Amino acid sequence: MTPREIIAEAWVITRREGGLRRWGFVASFFETFLDIKLLGYQLYFLLAYLQHRQVGFFDDIEWLYANVSFGIFLTIIISFLLLLAIEFIFPHLAAGAIIGLGAKSYRKEPVKGGLVLAIYNFLPIFGAHEFFFLASWSTTLTLGSLTLRYVTGDMKFFMIGIIVIFWILSNILKLMASFTEQGIVINRLGIFDAMGKSFKLLVSHLSHIMFILLLLFIISIRVFINAVAVLLIPAIVIGIGFLLLHFLSPLIAYVIAGIIGIILIVIVSYFFGYLHTFKHTVWTLMYLELSKQKDLDIIGEGI
């Protein structure tokens with residue numbers, strides 16, 4: 001199949017298989033939720049930094065402890081920690097399900113077993129994801145924020161430059177390992193074996209570079225839209241909260257604003273779910289097609 005045919009087939013599978021989209025939607029929801037919270041913290045720290053105020057990670061917890069009863073405080077903290085764990089873990093689970101179900105749909109097999117695929121492949125996919133944790137914009141932003149707040153003098157700018165360099169290198173390596181998850185799920189390879197196969201496939205098929213560039217363009221659009229949404233949703237929620245404070249008590253105003261924020265995240269995640277599923281399905285189909293071809297380092301029958 002040509003790259004154009006692969007992209008077209010991936011879109012057909014994305015639209016046809018509701019199970020894939022559900023996994024993609026939930027993964028996008030939790031990813032967006034986590035990104036918004038991380039960005040909210042960094043904006044709070046940035047504002048304090050510009051105002052030359054000393055702030056800590058636990059300012060909000062201290063405020064909550066001082067203003068609500070202990071029972072409510074404990075309930076909120078436990079709920080927050082559980083939600084944080086789900087936000088961190090679920091996208092890794094969803095990746096195994098989306099890749100496995102996408103491969104089954106492409107091979108005309110029954111599209112079943114998403115939960116089994118998710119659980120069985122969770123640990124290796126989690127390890128592969130965390131291997132490139134510096135490629136994440138949220139991790140880079142957090143490290144940069146910590147550097148600005150706790151490193152003094154000109155050294156802070158040097159360290160930020162190092163962080164940016166590592167972010168670029170990590171993204172290059174992550175690109176070369178683009179087929180790692182597919183190798184883990186489809187061929188049950190170990191993390192490093194899957195990375196090695198991914199590197200070989202990409203190097204062996206450089207003629208598909210236009211396809212890779214197209215995919216990067218699609219991904220960059222998703223990242224841009226995600227960044228805009230992550231910026232707009234907190235702004236909308238805060239604006240609504242301040243507006244409602246003129247008419248309602250603070251507690252009711254914050255609850256209504258929070259509910260509106262969750263509704264906005266659900267709406268945004270619905271569209272992100274399509275892109276999330278489509279991206280995984282394109283890479284999965286490409287992996288299946290390239291894996292059918294003979295490795296370029298094998299001569300004759302490889303004997």
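Read the figures in this text as sums done on the coordinates, not as results from a lab. Here the structure is a predicted model, which is why all the values come from computation and not from measurement. When we count neighbours, we look across all protein chains shown, and the Cβ atoms used for this are built from the backbone with ideal geometry, even at glycine.
Things to note:
- Once the chain from residue 1 to residue 75 is taken as fully extended at 0.36 nm per residue, the excess over their C-alpha distance is 21.3 nm.
- Calculated FRET value between residue 172 and residue 139, using beta carbons and R₀ = 22 Å, to 0.05: 0.85
- One chain, two ends: residue 193 and residue 205. Fully extended at 0.36 nm per residue, the span grows by 2.5 nm beyond their Cα-Cα distance.
- Spacing of the two label points (7 Å from each Cα toward its C-beta) at residue 248 and residue 123, in nm: 4.7
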